[in-house]
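Asks: Below you'll find the structure I mean.
The values are calculated or read from the model by the stated rules, or taken from the named source; none is laboratory data. On a predicted model such as this, the values are computed, not experimentally measured, just so you know. With ideal geometry, Cβ positions are generated from the backbone for all residues, glycine too; neighbour counts draw on all protein chains shown. Side chains are part of the model used for accessible areas, which takes the heavy atoms of the whole protein and leaves out ligands, DNA and RNA. Shrake-Rupley method; radii C 1.70, N 1.55, O 1.52, S 1.80 Å.
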Amino acid sequence: MVSFIVKRLLTAIPTLLLLIVVSFLLMHSAPGGPFTSERKLPPQVEANINAKYGLDKPLPVQIVNYVKGIVFDFDFGPSFRYKDRSVNDLIHDGFPVTLTYGAISALVALLVGVSLGVFAALNQNTWKDYTALSFTFTAQVLPNFVMAPLLVLLFTLKLGWLPGGGWEGGKIQYIIMPVIALSTSYMATIARITRSSMLEILNSNFIRTARAKGLPYHRIILRHALKPAMLPVLSYLGPAMVGLITGSVIIDMYFSTGGIGVLFVNGALNRDYSTIMGITILVGVLTVLLNLIVDVLYAWIDPKIRY
């Protein structure tokens with residue numbers, strides 16, 4: 001297992017380098033530049049700005065300098081949009097916000113989704129099963145950009161229980177609605193996957209054997225059925241966790257949380273190359289790490305898997 005983890009981490013290095021190069025080339029191939037505006041700058045001023053940020057050098061040199069800055073100094077460079085702020089500063093301010101409500105959303109989606117899926121499977125073809133399925137169907141067709149205004153309409157404008165936006169250091173009343181809006185559709189998908197997987201496991205031969213031996217039903221479920229039923233859920237969790245933990249642009253924008261989603265949108269609109277690159281690399285690293293964790297859990301649940 002240790003060799004597998006080391007191998008995966010080493011494999012991640014060229015993957016991340018390729019991500020940097022492709023992202024760099026795509027952004028620089030777009031028309032215009034970070035300092036292009038409707039009012040034309042004097043040529044000398046534009047040349048000085050480009051020289052200050054290294055944009056006057058050939059593209060391969062810019063890429064090499066950028067990679068060296070990350071590898072040796074962990075420096076994502078200055079922001080082209082926010083004066084006197086580096087990308088490191090922006091990520092340092094925004095990522096904890098996104099990470100906080102993203103991690104809570106992931107936990108809520110996993111716990112509620114698995115519990116609901118197991119509940120539906122154990123009550124197959126009963127009114128409880130149909131109620132759970134109806135709930136998951138409804139939740140799945142409500143994306144976060146629909147959920148967010150509905151939540152504000154109900155809890156802020158109608159009931160007046162929760163603030164409509166902001167962060168205020170992560171107080172609980174500011175976290176509740178972003179977590180519900182972000183986790184609902186993921187929770188519904190996890191519930192449906194868990195239900196299908198659980199039904200398949202419950203009808204397998206080794207579960208029938210366990211029942212024939214007279215084992216308590218709750219022990220069969222918790223010790224023999226739940227563990228293998230989690231394999232399809234884990235396969236889904238890899239990419240889903242990245243989406244949950246990096247948050248959502250919609251959530252950051254709608255609730256004004258100050259997370260990295262807003263930074264990414266503003267960076268794209270203003271051609272702030274360094275900010276976009278910093279967030280892209282951050283998401284890339286999280287994708288590699290979370291998929292590695294999922295693969296390790298997969299091997300732990302099913303030791304027959306060989307790497």
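Asks: To the nearest 20 debye, what is the magnitude of the charge dipole of the stretch 92-258 about its Cα centre, counting +1 on the Cβ of each Lys and Arg and -1 on the Cβ of each Asp and Glu? Could you put the intermediate results ahead of the total?
Replies: Numbers: 11 positive and 5 negative charges, 185 e Å.
Computed about the Cα centre, the dipole is about 900 debye.
Asks: Hey, another quick one. What residue among L234, N65, N203 has its Cα farthest toward the positive end of the dipole of the chain, where the charges are +1 on Lys, Arg and -1 on Asp, Glu, each on the Cβ?
Replies: Value computed over the given set: N203.
Asks: Report the extension gain between S3 and W300 in nm, rounded to one decimal, defined as 0.36 nm multiplied by the number of residues separating them, less their alpha carbon distance. The partial results should precede the final answer.
Replies: Values: separation 297, 0.36 × 297 = 106.92 nm, distance 1.48 nm.
Contour length minus Cα-Cα distance gives 105.4 nm.
Asks: Give me the distance between the Cα centres of the stretch 50-107 and the stretch 111-186, rounded to whole Å.
Replies: One Cα centre to the other: 34 Å.
Asks: As I understand it, the dipole of the chain uses +1 on the Cβ of Lys and Arg and -1 on the Cβ of Asp and Glu, about the Cα centre. Which of P78, T15, G164 lies farthest toward its positive end?
Replies: Projecting each Cα onto the dipole axis, the largest value belongs to T15.
Asks: Additional query: For K7, which lysines qualify as cross-link partners when the Cα separation must be under 28 Å and same-chain residues fewer than eight apart are set aside?
Replies: The qualifying lysines are K68, K227, K304.
Asks: Give the angle, between 0 and 90 degrees and rounded to the nearest 10, that separates the Cα long axis of helix 260-269 from the longest principal axis of the Cα atoms of the chain.
Replies: 40 degrees
Asks: Counting each pair of different Cα atoms once, what's the Kirkwood radius of the stretch 92-258 in Å, rounded to one decimal? Don't jump to the answer; show the numbers that get you there.
Replies: Working: mean 1/r = 0.0582 Å⁻¹.
With all distinct Cα pairs of the stretch 92-258 included, I get 17.2 Å.
Asks: Further question: Calculate, for L111 and A268, the FRET efficiency according to 1/(1 + (r/R0)^6) with r their C-beta to C-beta distance and R0 41 Å; round to the nearest 0.05. Could you put the intermediate results ahead of the total?
Replies: Values: r = 34 Å, r/R0 = 0.83.
Between L111 and A268 the formula returns 0.75.
Asks: What angle do you read, to the nearest 10 degrees and between 0 and 90, between the alpha-carbon axis of helix 87-122 and the longest principal axis of the chain?
Replies: 20 degrees
Asks: Considering only I104, T189, F255, whose Cα is most displaced toward the positive end of the charge dipole of the stretch 92-258, charges sitting on Cβ of Lys, Arg (+1) and Asp, Glu (-1)?
Replies: T189
Asks: Now, a different point. How much accessible surface area, in Å² rounded to 10, belongs to the heavy atoms of L116 with a 1.4 Å probe?
Replies: Result for L116: roughly 40 Å² accessible.
Asks: By accessible area of protein heavy atoms, probe 1.4 Å, what ranking do L19, L290 get, highest first?
Replies: Values: L19 55, L290 25 Å².
Sorted by accessible area, descending: L19, L290.
Asks: Measure nothing but the geometry: give the 0 to 90° angle between the long axis through the Cα atoms of 2-29 and the longest principal axis through the Cα atoms of the chain, rounded to 10°.
Replies: Relative to the chain, helix 2-29 is tipped by roughly 40 degrees.
Asks: Based solely on its DSSP helices, what 222 nm [θ] is calculated for the chain when runs of n ≥ 4 H residues each add -39,500 (n - 2.57) and the sum is averaged over all residues, nearest 500 deg cm²/dmol? Don't jump to the answer; show the numbers that get you there.
Replies: Details: 12 runs with 216 residues, N = 307.
Roughly -24000 deg cm²/dmol at 222 nm, from the helical runs in the chain.
Asks: Taking the convex hull of the alpha carbon atoms in the chain, what volume per residue do you get, in Å³? Intermediate values should be presented prior to the final figure.
Replies: Details: hull volume 53.0 nm³, N = 307.
Spelled out: Cα convex hull of the chain, divided by residues, is 173 Å³.
Asks: Rolling a 1.4 angstrom probe over the protein chains, ignoring ligands and nucleic acids, what is the accessible area of M241 in square angstrom, nearest 10?
Replies: Probe radius 1.4 Å; accessible area of M241 about 50 Å².
Asks: Tell me the carbon and sulfur percent of the accessible area for the chain, rounded to whole percent, probe radius 1.4 Å. Kindly include the intermediate steps, with their values, before the conclusion.
Replies: Numbers: 11300 of 17000 Å².
So the carbon and sulfur contribution to the accessible surface is 67 percent.
Asks: Charges only on Cβ, +1 for Lys and Arg, -1 for Asp and Glu: so what's the dipole of the chain about the Cα centre, in debye to the nearest 20?
Replies: Its charge dipole is roughly 1100 debye.
Asks: Continuing with the same structure: State in Å² the accessible area per residue of the chain; use a 1.4 Å probe, count heavy atoms of protein chains only, and round to the nearest integer.
Replies: Working: 17000 Å² over 307 residues.
With the other protein chains kept in place, the chain gives 55 Å² per residue.
Asks: Then there's this: Listed highest first by mean packing, meaning other Cβ atoms within 10 Å per residue, what order do 163-172, 92-101, 77-86, 211-220 come in?
Replies: Details: 163-172: 13.0, 92-101: 19.3, 77-86: 16.4, 211-220: 10.6.
Final packing ranking: 92-101, 77-86, 163-172, 211-220.
Asks: Right, something else. Expressed in nm to one decimal, what extension gain is obtained for the pair S23 and K52 from 0.36 nm per residue of sequence separation less their Cα-Cα distance? Numbers along the way, then the final one.
Replies: Working: separation 29, 0.36 × 29 = 10.44 nm, distance 2.18 nm.
Extra length from S23 to K52 when fully extended: 8.3 nm.
Asks: Sequence neighbours fewer than 8 away in the same chain don't count; with that in mind, list the aspartates and glutamates whose C-alpha is under 18 Å from K171.
Replies: Within the straight-line limit of under 18 Å, K171 reaches these aspartates and glutamates: D93, D252.
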